[in-house]
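Here the structure is laid out as structure tokens; the discussion comes afterwards.
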Amino acid sequence: IYTVSKNGLVIARAYPEEMAELLSQTDLDNFYPQEMFLEDDRLMIFGSGSYEVYDIPKGDGTFYPGGVSTMEVKIFDISNKEDPEILRDLHFEGSYITSRKIDSFAYFVINNYPRYYGALEEDEIVPRFADSNLGNEFSAVVPCPQVRYFEPIQANNFLTIASIDLSDDNSEINKEVILGNGQNVYASLNNLYVAETTYDYGPRPMNSKIGILPYEPGKEETRIYKFSLNDGDVNYEGNGIAPGRILNQFSMDEYDNYFRIATTIGQVSRNGEDISSNNIYVLDDDLQLVGELEDLAPGEQIYSARFIGDRAYMVTFKKVDPLFVIDLSNPKNHKVLGKLKIPGFSDYLHPYDEDHIIGVGKDAVEAEEGNFAWYQWLKLAIFDVSDVENPKQMHVELIGDRGTDSEALQNHKAFLFDKERNLLVLPVLLAEINQDYSGDIPANAYGDFVFQGAYVYDISLEDGFELKGRISHYDDNDAFDKAGYYFYDRNYYITRSLYINDV
């Protein structure tokens, strides 16, 4: 098992389990690791760091040192697990967004705000990078004339897409830079799409009485940048626009040379006004809009989406959870096939098979105080979508009380599922209500934290969710007894799970 923990790389022998042992711990110094890839005996770690530049003016003609944040890539030779060796170090000005790996090629996405202070040459304004293979000297990622842009120019940010071949320690780094900003990323085997949501609020006159600019509802648009990927080559192919904002990477998809995207326009209101709507748009290979399905679930917003083949599954929420099944077989004319309304919502949808979907989210109770709902305990569900006009909820598992949470709601990498093994594992922070109430427990009452660890389930279409057991790394209840509204003690917090053979 390879893991990053407390700014260090930890390698442990994990199987056979009776021979488990710690093999090495490597200090990563002033480096804050975030994600990693493994390719044979090469390990690639993405993270953040900084370096000092001495060119920020004080105003009196002198300068003081200032730091520049960097996205760093460290590549290790791990052929000797007891003594991993650093092979290559890369530094890019900016912040890491995400990465994808196809075969031995790793592609990564970086945001960079221009550093204007002290930038005397044009190639000091564009993002810079350094490569240990080239002497660790910083230079422009690409020359200024190679930065791509499109009219009208509105961006104040640089977006860099870069790639490296992990099978070649001396491989050239391929790079593309455009004026833009990256927020969410979707990748197929041939293309990578970066989405950026922009808001145009229009003119906002000064309020002379209180001296502020009052909010005016603005125009929400998501611009999609397309890059082709081919054995490490990265080429900018163009961009397109879809109305509204997206939730995450699962709100986007490529299928049969079409790009599909699910968006929400406007905000959810508690006073009954339908000022939000949800939509699906289809763009062609040139990112021109060719199909649309708009105004789904007015007054609600998207909580999860998943594109599978020529169908889309979308969950919206305000008081109840409509699961929409949408036909996308005709990219220019798609329609709602069916929907299921149940309490609560799903934050993450995962395919069980072509006719069944697993949902992970929260249950909810309609509030008496207004036009909204109080979310409750953690909820697992299996949906049967074989009859597309009448989707059904087959099985439900409710965990804990209000306050119970799981990292799988925000990060799909915390969700472990293997259909052949009937295995489902997810981390759970469990909250339970123990205090006495004179009457019914209020819908907005939180439970106390009593457990954190992994819940391990047998999952099947016949029996639903059967809890096999729980695993915790906390030896006692001290951390939970000290917890208040939030649970801060993460020293033994389980966030990921895996299996090797039958363990």
Euclidean distance of C-alpha centroids, segment 339-376 and segment 86-105, integer Å: 36
Ignoring ligands, DNA and RNA, what percent of the 1.4 Å accessible area of the chain is carbon and sulfur? 44
For segment 347-495, whose charge dipole is built from +1 on Lys and Arg Cβ atoms and -1 on Asp and Glu Cβ atoms, the candidate among 411, 461, 350 with its Cα farthest towards the positive end is 411
For the chain, accessible area per residue (1.4 Å probe, heavy atoms of protein chains only), Å²: 50
Computed [θ] at 222 nm, deg cm²/dmol, the chain (DSSP H ≥ 4; -39,500 (n - 2.57); rounded to nearest 500): 0 deg cm²/dmol
Greater than 23 Å separation of Cα atoms is the criterion. Which listed pairs, 101/413; 341/419; 6/468; 413/482; 379/419, meet it? 341/419; 6/468; 413/482
Highest average packing first - 88-101, 134-147, Cβ atoms within 10 Å: 88-101, 134-147
Using a Förster distance of 41 Å, the FRET efficiency for residue 474-residue 151 (Cβ separation, nearest 0.05): 0.10
Estimated dipole of the chain in Debye, rounded to 20 [Cβ of Lys and Arg +1, of Asp and Glu -1, Cα centre]: 1400
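The values are calculated or read from the model by the stated rules, or taken from the named source; none is laboratory data. Note that the coordinates shown come from a computational prediction; the quantities given were computed from them, not determined experimentally. Backbone-built Cβ (ideal geometry, glycine too); neighbour counts: all protein chains shown. For accessibility, only protein heavy atoms count, side chains too; no ligands or nucleic acids. Shrake-Rupley method; radii C 1.70, N 1.55, O 1.52, S 1.80 Å.
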